[in-house]
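**Student:** Below: one structure in C-alpha cells.
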Amino acid sequence: MPFAATAVVNDWIISAASMVILAVSWNLAANAGLISLGHSAFWGVGTYTAVLSANKLGLPLVLALIPAMLIGALLGVLLAVITGRLRGIFFAISTLALSEGLRVIAVMTPGFTGGGEGIYVNPQLRIGAHWVAAIMVVGALISILVAWAISRTSWHFAFRAMRANESAAQMLGVRPIGFRVWVLALAGAMAAFAGGVRVWYGGFVDPGIAFDLHITIFAQIGPLLGGIYTLAGPVIGALLSVLLSEAARIWFGTQGFGLLVYGVALVLCILFLPHGIWGGLQRLWTFGRRRIRGEQ
C-alpha cells in the first residue's frame, strides 16, 4: 500500500504504524505491572542512535536500526536493574525522571547530539517516504507478532502474577527481576525502532522532539482507548488515536486540538467503556451469544 499511496496517505500510514508500535510496547510493560510515564526515553535514544549511526558510520536506515534497537534494549535492562523492586507510582516516576534526564544530557552535549540546535540526517542517506512507511508497517506487524507470541507462553501468566502481586508471584517461583529485564528490554527495543524510523521521515531531531512528553501520552492513549492488558486493544486504540488526530486537525484547522480530543475520548471510555473498546466489543459479543442461545 505505501508504494501506491499519496504523500498524505503515507504520512497517515507512518503515524498509525508508529503509534501501534508505541502502544504495543507500552502495553507489554504494563502487562507486567510496569506503568511507564517516560516511554519517550526509549523513543529518544532510538532516534539519536539511528541518526548518529548514519552520520558517523554512514549506515543506511535498515542497518542503523540495529544499534538503535540494541541501545533501546540496553536502556530497558538498565532501568530494570536500577529501579530494582520499585512498583506502581514509584516506578512510573522513575521512568519520567529517566526521560527528562536524557533530554538534559542531549541538550548539554552539543558536540555529540547537536545540543538544542539538533542534528539532521545525512541527506545522502535519506530514502523515500514510501520506503519509510513500508519499514514502519513491517515493524508494527512484528511488534504485534511478538506480543501475540508472548501471550501464548507462560510469560503471560508470570506477567499477570507480577501485576497482581509481585511478592506473591515470587513465592510461586516467578523471578520478578528477570522478567522485568526481559519485558523492558523488549519494550525499549520496540519504541527505539519506531523512533529510529520516524526520524528518517522527518530528517531532523533535537532534544525537544526526541524526548517529547507527548510521545509517552500517545503510547498510553492506544491501550487505554482500545483495552489495556489485551492484544488487540492497543492496536485498535492506536489506529483510532490517529483518526481522532486527523479529524481534530480537519475540524479545528490546527494540530494542537488533538490532545483535547484525546482527553474527551479517554473520559468517555473511562465512564462508559472501562475495559476499552475491545473489552466492550467482547462483552457485546458475549451478550449477543447468550441472547441467541436463550432464544433457541
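We did not get these values from a lab; they are worked out from the coordinates using the rules stated. Note that the structure is a prediction, hence the values are computed from the model and not measured. Virtual Cβ from ideal backbone geometry, glycine too; neighbours counted across all protein chains shown.
**Student:** Magnitude of the Cβ-charge dipole of region 145-234, K/R +1 and D/E -1, about the Cα centre, nearest 20 debye?
**Tutor:** Using Cβ point charges on Lys, Arg, Asp and Glu, region 145-234 gives about 360 debye.
**Student:** For region 2-235, what relative contact order do you get, as a whole percent, if you take Cα pairs closer than 8 Å and at least 6 residues apart?
**Tutor:** 42
**Student:** Next question, about the same structure. Taking the simple approach of a point 7 Å from Cα along Cα-to-Cβ for both residue 260 and residue 204, what is their distance in nm?
**Tutor:** It works out to 2.7 nm between the two label points.
**Student:** Here's something else I'd like to know. How large is the direction-averaged shadow of the alpha-carbon convex hull of region 19-90, in nm²?
**Tutor:** 5.2
**Student:** In addition: Treat every Asp and Glu Cβ in the chain as -1 and every Lys and Arg Cβ as +1, leave all other atoms uncharged, and give the resulting dipole magnitude about the Cα centre to the nearest 20 debye.
**Tutor:** Computed charge dipole of the chain: roughly 1000 debye.
**Student:** Shifting gears a bit: Using Cβ contacts closer than 10 Å as the measure, can you line up 156, 214 from fewest to most? Show your work: numbers first, answer last.
**Tutor:** Numbers: 156 16, 214 11.
Listed from fewest to most nearby Cβ atoms, that is 214, 156.
**Student:** Additional query: Go through region 232-246 residue by residue and turn each phi into a ³J(HN,Hα) via Karplus (6.51, -1.76, 1.60, θ = phi - 60°); whole Hz please, and just put x for glycine and proline.
**Tutor:** Taking θ as phi minus 60°, the curve returns 7, x, x, 5, 4, x, 5, 5, 5, 5, 5, 4, 5, 5, 5 Hz for region 232-246.
**Student:** Just want the answer: with Cβ charges of +1 for Lys and Arg and -1 for Asp and Glu, which residue in 209, 187, 139 is farthest toward the dipole's positive end in region 2-235?
**Tutor:** 187
**Student:** So for 151, 245, 40, 18, fewest C-beta neighbours within 10 Å to most, what's the order?
**Tutor:** The fewest-first ordering by Cβ neighbours comes to 151, 245, 18, 40.
**Student:** Gain in length, residue 149 to residue 283, computed as 0.36 nm per residue apart minus the alpha-carbon separation, to one decimal in nm?
**Tutor:** Gain in length upon complete extension: 45.8 nm.
**Student:** Using Stokes-Einstein with the Kirkwood hydrodynamic radius over Cα pairs, what translational diffusion coefficient do you get for region 144-296 at 4 °C and a viscosity of 1.567 mPa s, in µm²/s rounded to a whole number?
**Tutor:** Reported coefficient: 71 µm²/s.
**Student:** Can you tell me the orientation of helix 276-295 relative to the chain, as the angle in degrees between its alpha-carbon axis and the longest Cα principal axis, to the nearest 10?
**Tutor:** 30
**Student:** Taking 7 Å along the Cα-to-C-beta vector as the label spot, tell me the residue 9-residue 290 distance in nanometres, rounded to one decimal.
**Tutor:** 4.3
**Student:** Could you give me D for region 118-230, from Stokes-Einstein at 25 °C and 0.890 mPa s, where the hydrodynamic radius is the Kirkwood radius over C-alpha pairs? Units µm² s⁻¹, please.
**Tutor:** 149
**Student:** Compute the length gained on full extension between residue 56 and residue 272: take 0.36 nm times their separation in residues and subtract their Cα-Cα distance, giving the result in nm to one decimal.
**Tutor:** Length gained between residue 56 and residue 272: 72.6 nm.
**Student:** Any chance you could check the Cα centroid distance between region 167-207 and region 93-118 for me, in angstrom?
**Tutor:** Answer, in whole Å: 19.
**Student:** For the chain, take the alpha-carbon Rg, divide it by the Kirkwood Rh, and send me Rg/Rh.
**Tutor:** Over the Cα atoms of the chain, Rg/Rh equals 0.99.
**Student:** Okay, moving on. Tell me, 148, 12 in order of fewest to most beta-carbon neighbours within 10 Å?
**Tutor:** 148, 12
**Student:** Starting from 0.36 nm per residue, how many nanometres of slack lie between residue 213 and residue 92 once their C-alpha separation is accounted for?
**Tutor:** Computed gain between residue 213 and residue 92 is 42.2 nm.
**Student:** Cut-off 18 Å, label point 7 angstrom out along Cα-to-Cβ of residue 168: give me the residues of region 22-38 whose amide nitrogen falls inside.
**Tutor:** Of the residues in region 22-38, 31-34 have backbone N under 18 Å from the label point off residue 168.
**Student:** Taking the Cα centre of the chain as the origin and placing charges on Cβ (Lys, Arg +1; Asp, Glu -1), which of 261, 239, 104 is farthest toward the positive end of the dipole?
**Tutor:** 239
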